[in-house]
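Take a look at the structure below.
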Amino acid sequence: MTRIAAKDVASNRRRGGDLRTLLSPATAGTTSGFMGVLTLEPGEVVTEHYHPYSEEFLYLVSGSITARVDGEPVSLDAGDALHLPINVRHRLENHGEKPAFMVFQLGPLAPSPELGHVDTEPLPERESI
């Protein structure tokens, strides 16, 4: 059993937003997937990417976002969940006036971490995050 607090995990802002991977092979010895939390402030995005080995599950706890799924907008409000199949491009955008907070889970694991994400648009500039 592993218990990890989000406040104790370093933020990953590489693709935008405040992403914290909580349970993973590195943090908890997981073998079938990983999960974490994401906060998007108003105006922030997570740049478009896809997962060639994993499906992704999103649950929006608070706020509202637009998920662009293979380019098509999907509006999500607090309490909504979204399933993203393997190889489906997705981008997350907060056009609201409040922060959006979500939980994500991906599985199965890619053969190695660097193969888990394929970016399909330029990553945000560090200073604009």
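The values are calculated or read from the model by the stated rules, or taken from the named source; none is laboratory data. Since the model is a prediction, treat every value here as computed from it, not as a measurement. When we count neighbours, we look across all protein chains shown, and the Cβ atoms used for this are built from the backbone with ideal geometry, even at glycine. With ligands, DNA and RNA removed, areas are computed over all heavy atoms of the protein, side chains included. Shrake-Rupley method; radii C 1.70, N 1.55, O 1.52, S 1.80 Å.
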Within segment 83-123, the residues that are within 16 Å of THR39 (Cα to Cα) and open to solvent by less than 40 Å² (accessible area, probe 1.4 Å) are LEU92, GLU93, ASN94, GLY96, ALA100, MET102, PHE104
Residue pairs within 6 Å by beta carbon, gap of at least six or interchain, first lying in segment 96-109 and closer than 14 Å to PRO25 by Cβ, second open to solvent by 50 Å² or more (accessible area, probe 1.4 Å) and assigned to a loop (DSSP other than H, G, I, E, B), listed first then second, are GLY107/SER32; PRO108/SER32
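For every residue, the table says whether it meets (1) assigned to a loop (DSSP other than H, G, I, E, B); (2) farther than 17 Å from VAL118 by Cα; (3) not β-branched (Val, Ile, Thr).
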position	(1), (2), (3)
VAL46	no, no, no
HIS49	no, no, yes
GLU56	no, no, yes
TYR59	no, yes, yes
THR66	no, yes, no
SER75	no, yes, yes
GLY79	yes, yes, yes
VAL88	yes, no, no
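Right, THR21: under 21 Å from GLU114 (Cβ atoms) and without any contact (Cβ under 8 Å) to a residue 24 or more places away in the chain or not? Explain how you work it out, then say what you get.
Working: under 21 Å from GLU114 (Cβ atoms): yes; without any contact (Cβ under 8 Å) to a residue 24 or more places away in the chain: yes.
When the stated conditions are applied, THR21 passes them.
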Filter segment 100-129 for residues that are farther than 23 Å from SER62 by Cα and touching a Pro at 6+ places or on another chain (Cβ under 9 Å); the one that is modelled with the lowest pLDDT is PRO113
- request: With the condition kept exactly as written, say whether any residue in segment 35-46 is under 11 Å from the mean Cα position of the chain (by Cα), crowded, with 17+ Cβ neighbours inside 10 Å and without any contact (Cβ under 8 Å) to a residue 24 or more places away in the chain.
  value: no
Item to complete: For VAL74, indicate whether it is modelled with pLDDT of 95 or more, under 14 Å from the mean Cα position of the chain (by Cα) and farther than 19 Å from GLY107 by Cβ.
Response: no
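What about VAL88, is it touching a Lys or Arg at 6+ places or on another chain (Cβ under 8 Å), of a type in the set (A, V, I, L, M, F, W, C) and either touching a residue at least 40 places away in the same chain (Cβ under 8 Å) or more than 19 Å from ASN12 (Cβ to Cβ) (or both)? Quick ask: steps written out before the conclusion?
Numbers: touching a Lys or Arg at 6+ places or on another chain (Cβ under 8 Å): no; of a type in the set (A, V, I, L, M, F, W, C): yes; either touching a residue at least 40 places away in the same chain (Cβ under 8 Å) or more than 19 Å from ASN12 (Cβ to Cβ) (or both): yes.
Here the answer is no, as VAL88 does not meet what is asked.
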Filtering segment 1-14 down to residues that are open to solvent by 40 Å² or more (accessible area, probe 1.4 Å) and either closer than 22 Å to ARG89 by Cα or not in a helix (DSSP H, G or I) (or both) yields MET1, THR2, ARG3, ILE4, ALA10, SER11, ASN12, ARG13, ARG14
